[in-house]
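Colleague: First the structure, then my questions, so here it is.
The values are calculated or read from the model by the stated rules, or taken from the named source; none is laboratory data. Everything numeric in this text was worked out from a predicted model, so none of it was measured. Heads up, the Cβs are rebuilt from the backbone with ideal geometry, glycines too, and the neighbour counts pull from every protein chain shown. Just the protein is used for accessible areas: all its heavy atoms, side chains included, with ligands, DNA and RNA removed. Shrake-Rupley method; radii C 1.70, N 1.55, O 1.52, S 1.80 Å.
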Amino acid sequence: MKVSRVIFQSYHRSLHTSNRMADTIAKNAWAGARDGFNGSVGRTPLVRLNKLSDETGCNILAKAELQNPGGSVKDRAAHFIIKDAEKKGLLKPGGTVVEGTAGNTGIGMAHVCNASGYKLVIYMPNTQSQEKIDLLRSLGAEVFPVPAVPFNDPENYNHKARRHAESTENAIWGNQFDNTANRQGHYETTGPEIWEQTEGKIDAFICATGTGGTFAGVSSYLKEKSRDVKCYVADPPGSVLYKYFTTGQLERTGDITEGIGQGRITENLKDAPVDGSLHITDDMSVGMVFRLLYEEGYFVGASSALNVASAVELAKKLGPGHTIVTIICDGGYRYQSRLFNKDWLVSKNLFECIPEKYRKGLTSKANP
């Protein structure tokens, strides 16, 4: 009996120890989990684009922001703008966020608002892709597409959003273009992540700007770490920034790249360190959409493709042996009815810029 009791006690202690070890392992595993949607924003991979890197003799690295939980780089801006309003006491439980957005910031805000218990109202130009509008409504946002007019027009979608917020109790206007919480978010997260992921071995950073938050936040941080890092703005045909940074003049035309390109210098972009600017044409961007899909495996939109095309051009400018970082903003599914629609591409004189071997996945249907 004594032997049996000893064996039982020994077994019981062993079982208790095993259970404690299992509990410890479970707790450690949970400690590695992120805290809900908001805690999942950021810490995205930095990937080497192999074919383009080998082609240029440089390391062309892309921050894969499409792997944020809401699917785009704008999750960061949405998270930090709302968090900043909460800290300042401007947004209380059950409140409303109102924003003027061309799409991705609104999508990020919809996710953050749902996770945080807020309502969301979006004003956007009616020139944006139907996928973005439909997605925003599916995510619970109240969406008002309005005519696209210049910023200095009182009917601009940003001003409509501001007036809506001012007339609503317990509401804020996100003001992504001039709310520097946007820039600060990238200074505190995206910039440090890039520096850590490259182990400080980075020669240049380049991306296009919409609000200016990503470029300004990242470039400001990188320049603080090393003045030798070159920071370039990539600009599509519809934006004023290339001409502004090269001639000092603000003059706008038109382009097809949603969400980027700017007609003014935003508060987020003011005083950002800029070493130069590269002009990227629409046909360069669209051609790169298909190269990234069929050569690198990334299904992206035109803004991401423009960023990568600009990194390739910068690699040519700097010469072999450099490490250049850019941003993959989001996935291509938000633009599928346009960028992968043969009829739309033909109507914009962009069909011929797609390599013939990569045209197999195009659809042909009524223009959206």
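Colleague: Can you name the condition, by its number, that G106 falls short on among (1) over 17 Å from V73 (Cβ atoms); (2) touching an Asp or Glu at 6+ places or on another chain (Cβ under 7 Å)?
Modeller: All conditions are met except number (1).
Colleague: Failed condition for S138, given (1) over 19 Å from N38 (Cα atoms); (2) small (G, A, S); (3) open to solvent by less than 10 Å² (accessible area, probe 1.4 Å); (4) modelled with pLDDT of 95 or more, with all others met?
Modeller: If we test S138 against (1) over 19 Å from N38 (Cα atoms); (2) small (G, A, S); (3) open to solvent by less than 10 Å² (accessible area, probe 1.4 Å); (4) modelled with pLDDT of 95 or more, just (3) comes out false.
Colleague: Across the range 79-91, what is the total count of residues that are in contact (Cβ under 8 Å) with a residue 40 or more places away in the chain and either touching a helix residue (DSSP H, G or I) at 6+ places or on another chain (Cβ under 8 Å) or of a type in the set (G, A, S) (or both)? Please lay out each step first, then the result.
Modeller: Filtering the range 79-91 for residues in contact (Cβ under 8 Å) with a residue 40 or more places away in the chain gives 79-85, 90-91.
Now restrict to residues that are either touching a helix residue (DSSP H, G or I) at 6+ places or on another chain (Cβ under 8 Å) or of a type in the set (G, A, S) (or both): 79-85, 91.
Counting residues in the range 79-91 that are in contact (Cβ under 8 Å) with a residue 40 or more places away in the chain and either touching a helix residue (DSSP H, G or I) at 6+ places or on another chain (Cβ under 8 Å) or of a type in the set (G, A, S) (or both) gives 8.
Colleague: Only one residue in G94, G71 is in contact with a helix residue (DSSP H, G or I) (Cβ under 9 Å, 6 or more places away or on another chain) and in contact (Cβ under 8 Å) with a residue 60 or more places away in the chain. Which one?
Modeller: Details: G94 fails: in contact with a helix residue (DSSP H, G or I) (Cβ under 9 Å, 6 or more places away or on another chain).
Unique residue meeting the criteria: G71.
Colleague: Then there is this: If you take the residues in the range 314-368 that are over 30 Å from I202 (Cβ atoms) and of a type in the set (D, E), which one is surrounded by the most Cβ atoms within 10 Å (Cβ to Cβ)?
Modeller: D343
Colleague: Kindly indicate which of G331, G297 is among the small types (G, A, S), in the same structural domain as D235 (by the TED database) and at positive phi.
Modeller: Values: G331 fails: at positive phi.
When all the criteria are applied, what remains is G297.
Colleague: So, one more: Counting only residues that are of a type in the set (G, A, S) and open to solvent by 10 Å² or more (accessible area, probe 1.4 Å), how many does the range 43-70 have?
Modeller: Narrowing the range 43-70 to residues of a type in the set (G, A, S): 53, 57, 62, 64, 70.
From what's left, open to solvent by 10 Å² or more (accessible area, probe 1.4 Å): 57.
Count: 1.
Colleague: Here is a check on your reading of the model: is E258 modelled with pLDDT under 95, open to solvent by 30 Å² or more (accessible area, probe 1.4 Å) and part of a loop (DSSP other than H, G, I, E, B)? Talk me through it step by step, then tell me what you get.
Modeller: Working: modelled with pLDDT under 95: yes; open to solvent by 30 Å² or more (accessible area, probe 1.4 Å): no; part of a loop (DSSP other than H, G, I, E, B): yes.
No.
Colleague: If you don't mind, another one. So how many residues does the range 195-230 have that are open to solvent by 10 Å² or more (accessible area, probe 1.4 Å), part of a helix (DSSP H, G or I) and without any contact (Cβ under 8 Å) to a residue 40 or more places away in the chain?
Modeller: Qualifying residue count, the range 195-230: 5.
Colleague: Here's another thing I want to ask about it. From the list D343, D283, pick out the single residue that is within 30 Å of S138 (Cα to Cα), of a type in the set (D, E) and in a helix (DSSP H, G or I).
Modeller: Details: D283 fails: within 30 Å of S138 (Cα to Cα).
Residue meeting the stated conditions: D343.
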